[in-house]
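The values are calculated or read from the model by the stated rules, or taken from the named source; none is laboratory data. Computed from a predicted model, the values in this text were never measured in an experiment. Positions of Cβ are generated from backbone atoms using ideal geometry, with glycine treated the same way; all protein chains shown enter the neighbour counts.
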Amino acid sequence: MIASFFITVALAIASPADIIPAPVSFREMPGSCASDAPVKYRLGKKMEKGAYKIVIDRRRITVDAADSLGAFYAAQTLRQLRMHSDKLACCVIEDAPRFAYRGYMLDLVSTWHDADYIKRQIDAMALCKMNVLHLHLSDTHAWRLESEKFPLLHQTTSWRYGASGEDWKVNRLFAPVAAPGAVGGFYTKEQMRDIICYAAERHIEIIPEIDFPGHVFAALSAYPELRCESYVEEQGDPNQPPYLVELCIGNPRTFDFVYGILDEVAELFPSDYLHIGGDEAKMTAWKTCGKCQALMHREGMKDVSELQQYFTRKVTEYLVGKGKRPVGWDEYAQAALPEEAVVMKWHTKCELPAGNDVIMATHNYTYLCYYQDAPMFERPAWSRYLPLDAVYGWDPAQESGAPSRILGIESCQWTSHLPDDAYLDYMTWPRLAAIAERAWSPESTRDYNNFKERLRKFYPVLDSLGINYFDIDKEVGHRPESLSGVNHLALNCPVQSTSAISASYSQGGLPALTDGICGDWNGDDHRWIGFSEAMDVTVDLGEVKPLRYVGASFLCHKGYSRDLPKEVRVSFSSDGISWSEEIVRVCEISLWGVQCAYPELGINTDCEARYVRYRASRREGPVKWPLLVDELIVL
């Protein structure tokens, strides 16, 4: 942590050039003003919603705004400035939000975090001028909200054995409330009203999410009568975890349950929005459930995907009838949605309806559960590498296939790997500050190096709120090999292969093995090539050359490939017909408990050859993941 004292000494005068998010514009003037100078607020000005103007002269501070919202954001700007120094630069600041919706999704299901923790996040969000906190309250792992209509939800599934979602997966056991050895909790309606009120005072809207029709293992554990008839058969699917199950759409009691829950939630949360999930329904049991199949027959459905569309239409129409705007992950947009419905885009590529507002939450730019630094140096996290520069560099409006109706952006924090408050903070900040700036500030102000300078001055602000964070000055950063091209004897040489390339990791094809461009920590950056079975490639160097080294890097990373080769074998030829004896290099890395590894498997040699054959064999056991291979380097 960086002590506030040193920052204050270093900054004699606080300037609008120091704050996060960056204002639309500012103009500094000669002189300074005491930070405790009187502030005069003038409301009713003709400005857009949330806009404000601050004039700081030598003796006073004047704020113009259309309403209390603009005045509040002006107050946050002044609050940040005062945290930096007791003297403020004389200046004129004009500011307004880029997007109306500037959100953060906090998963409270995978791990339990109490009301005080949520309030600390609200305080930090308010300083960053964010205005939506999306609370994920039900899922596979637990149910976190008190229900008077269905009390078994919170009474039997809010506590469990396993602090994190990953720990819980080992046995998937829920526990009675406060049972010995169990962890968890739920929010009473009174506690949630207090959180809602606390957020509203800071102009932050709380949007609840109750996930349907998938991610309902906890709900079905409390009310098993809502399971499909084929629930037991579904457990036998070797390719799916047994907790990926759905509500029985063909059971009329299902809609009594769903509507009853939504009535309670809609009454508790004053937000216009209500998130109903709608993602990752596996639909396996629906294919053999008698009730679901009977409903499909009555409605003339041909595929089980139509069952989810049927469910989505009924639920969204129900919410619209209650005066709410339904929100769902982009899978739910497969149904014909009412115009009031909002789609939350989390897939990189997906089809979006033209007639609905969209919230951009594209996972490979906004998911803070991903590693923020070189994965081998970090505690376990989700599968990708998402550093601060990638978050800050994202512009949702310029994203490929971006919709015309962007309501705003949202950053998501899934907490399966984040069992404690400090680690959750560490994985959230400062990347959430980058999201806040992308949501508030105009694209013209984007400057990553400048943002990092301002970020260093923002750390004491987080310190003052008791929030832990990742120190960007301690960042390891991108994989060094990926930052510049690699020059070697096989550069741009043709490659032949007898091995099948994985469809998921095929972009660039075999030429990517010798293009001189190495991959980063992510397996899907189109620089890593996947081989479905064993790897067997031959490089033609064009002429006989003296050789001293042949090698390639492999990627073992949860989320891409969890496999490394058993061994590699290299042989040489001058004519492509007669080959040398193979040189073997065994991969000695154990996969037990490995989160990630990037071993370079090569051999030293002293020979002359035109052709180089490089083979990698699979380890014993069924093939589940591709072998991911980087640049094949010949020296």
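Among the residues of the range 18-40, the ones that are within 22 Å of Met125 (Cβ to Cβ) and surrounded by fewer than 19 Cβ atoms within 10 Å (Cβ to Cβ) come to 1 in all.
When the residues of the range 560-582 are narrowed to those that are more than 21 Å from Ala490 (Cα to Cα) and surrounded by 14 or more Cβ atoms within 10 Å (Cβ to Cβ), which ends up nearest to the chain's Cα centre (by Cα)? For the range 560-582, the residue satisfying everything is Tyr560. If I ask for residues that are in contact with a Phe, Trp or Tyr (Cβ under 8 Å, 6 or more places away or on another chain) and part of a helix (DSSP H, G or I), which ones from the range 127-157 would you list? Those that are in contact with a Phe, Trp or Tyr (Cβ under 8 Å, 6 or more places away or on another chain) and part of a helix (DSSP H, G or I): Leu152, Leu153, His154, Thr156, Thr157.
Every condition in (1) at pLDDT below 95; (2) more than 21 Å from Tyr117 (Cα to Cα); (3) touching a Ser or Thr at 6+ places or on another chain (Cβ under 8 Å) is met by Asp211 except one, and the failing one is (1).
Of the helices (runs of 4 or more DSSP H) lying entirely inside the range 255-369, those containing at least 1 residues that are farther than 18 Å from Ser404 by Cα, out of contact with any Phe, Trp or Tyr (no Cβ under 9 Å at 6 or more places or on another chain) and in contact (Cβ under 8 Å) with a residue 12 or more places away in the chain are 290-299, 305-321. With respect to the conditions (1) in a helix (DSSP H, G or I); (2) touching a helix residue (DSSP H, G or I) at 6+ places or on another chain (Cβ under 8 Å), Asn449 falls short on a single one, namely (2).
Here the range 404-413 is the region considered, the condition is being farther than 12 Å from Tyr104 by Cβ and touching a residue at least 60 places away in the same chain (Cβ under 8 Å), and the residue that is surrounded by the most Cβ atoms within 10 Å (Cβ to Cβ) is Leu407. Considering only residues in the range 166-181 that are among the small types (Gly, Ala, Ser) and over 13 Å from His141 (Cβ atoms), the one that is surrounded by the most Cβ atoms within 10 Å (Cβ to Cβ) turns out to be Ala179. Residue under question is Ile435, and the condition is that it be crowded, with 17+ Cβ neighbours inside 10 Å, part of a loop (DSSP other than H, G, I, E, B) and either of a type in the set (Ser, Thr, Tyr) or modelled with pLDDT of 95 or more (or both); does it hold? Taking the combined requirement at face value, the residue does not satisfy it. Inside the range 438-451, residues that are over 16 Å from Pro387 (Cα atoms) and surrounded by 23 or more Cβ atoms within 10 Å (Cβ to Cβ) make up a count of 2.
Which members of the range 53-70 meet the condition of being surrounded by fewer than 21 Cβ atoms within 10 Å (Cβ to Cβ) and either in contact (Cβ under 8 Å) with a residue 24 or more places away in the chain or on the phi > 0 side of the Ramachandran plot (or both)?
Step one: list which residues in the range 53-70 are surrounded by fewer than 21 Cβ atoms within 10 Å (Cβ to Cβ), which gives 53, 55, 57-60, 62, 66-69.
Answer for the range 53-70, where residues must be surrounded by fewer than 21 Cβ atoms within 10 Å (Cβ to Cβ) and either in contact (Cβ under 8 Å) with a residue 24 or more places away in the chain or on the phi > 0 side of the Ramachandran plot (or both): Lys53, Val55, Asp57, Arg58, Arg59, Arg60, Asp67, Ser68, Leu69.
Scanning the range 561-582 for residues that are among the aliphatic types (A, V, I, L, M) and closer than 15 Å to Glu533 by Cβ yields Leu564, Val568. Of all residues in the range 93-104, those satisfying the criterion of being in contact with a helix residue (DSSP H, G or I) (Cβ under 9 Å, 6 or more places away or on another chain) and not hydroxyl-bearing (Ser, Thr, Tyr) are Ile93, Asp95, Ala96, Pro97, Arg98, Phe99, Arg102, Gly103. Taken over the range 560-597, the criterion of being in a loop (DSSP other than H, G, I, E, B) and closer than 22 Å to Leu513 by Cα is satisfied by Tyr560, Arg562, Asp563, Leu564, Pro565, Lys566, Ser574, Asp575, Gly576, Trp579, Glu582, Cys587. Scanning the range 419-459 for residues that are of a type in the set (Asp, Glu) and over 14 Å from Gly393 (Cβ atoms) turns up Asp420, Asp421, Asp425, Glu453. Screening Leu627 with (1) touching a Cys at 6+ places or on another chain (Cβ under 9 Å); (2) within 21 Å of Ser499 (Cβ to Cβ) gives one miss only, at (1). Scanning the range 10-21 turns up no residue that is within 28 Å of the chain's Cα centre (by Cα), closer than 30 Å to Ser164 by Cα and either basic (Lys, Arg) or modelled with pLDDT of 95 or more (or both). A single member of Gly602, Gly576 is on the phi > 0 side of the Ramachandran plot and touching a Lys or Arg at 6+ places or on another chain (Cβ under 8 Å), and it is Gly576. When the range 472-523 is filtered for residues that are without any contact (Cβ under 8 Å) to a residue 40 or more places away in the chain, farther than 25 Å from Lys558 by Cα and in a loop (DSSP other than H, G, I, E, B), the ones remaining, listed by number, are Ser484, Gly485, Asn487, Leu491, Asn492, Thr498. Looking only at residues in the range 370-405 that are polar (S, T, N, Q) and not in a loop (DSSP other than H, G, I, E, B), the one that is nearest to the chain's Cα centre (by Cα) is Ser383.
Does Arg160 satisfy the criteria of being farther than 30 Å from Ala434 by Cα and either surrounded by fewer than 20 Cβ atoms within 10 Å (Cβ to Cβ) or under 26 Å from the mean Cα position of the chain (by Cα) (or both)? Considered against the rule, which asks whether it is farther than 30 Å from Ala434 by Cα and either surrounded by fewer than 20 Cβ atoms within 10 Å (Cβ to Cβ) or under 26 Å from the mean Cα position of the chain (by Cα) (or both), Arg160 comes out as yes. Among the residues of the range 339-362, count how many are among the basic types (Lys, Arg) and surrounded by 15 or more Cβ atoms within 10 Å (Cβ to Cβ). Number satisfying all stated conditions: 1.
One residue is enough: does the range 148-162 have a residue meeting the conditions assigned by TED's automatic domain parsing to the domain that holds His275 and free of Cβ contacts under 8 Å to residues at least 24 places away in the same chain? Talk me through it step by step, then tell me what you get.
Step one: list which residues in the range 148-162 are assigned by TED's automatic domain parsing to the domain that holds His275, which gives none.
No; the residues of the range 148-162 include none that is assigned by TED's automatic domain parsing to the domain that holds His275 and free of Cβ contacts under 8 Å to residues at least 24 places away in the same chain.
When each of His215, His203 is tested for being assigned to a loop (DSSP other than H, G, I, E, B) and either under 26 Å from Arg79 (Cα atoms) or out of contact with any Asp or Glu (no Cβ under 8 Å at 6 or more places or on another chain) (or both), the lone residue that passes is His203.
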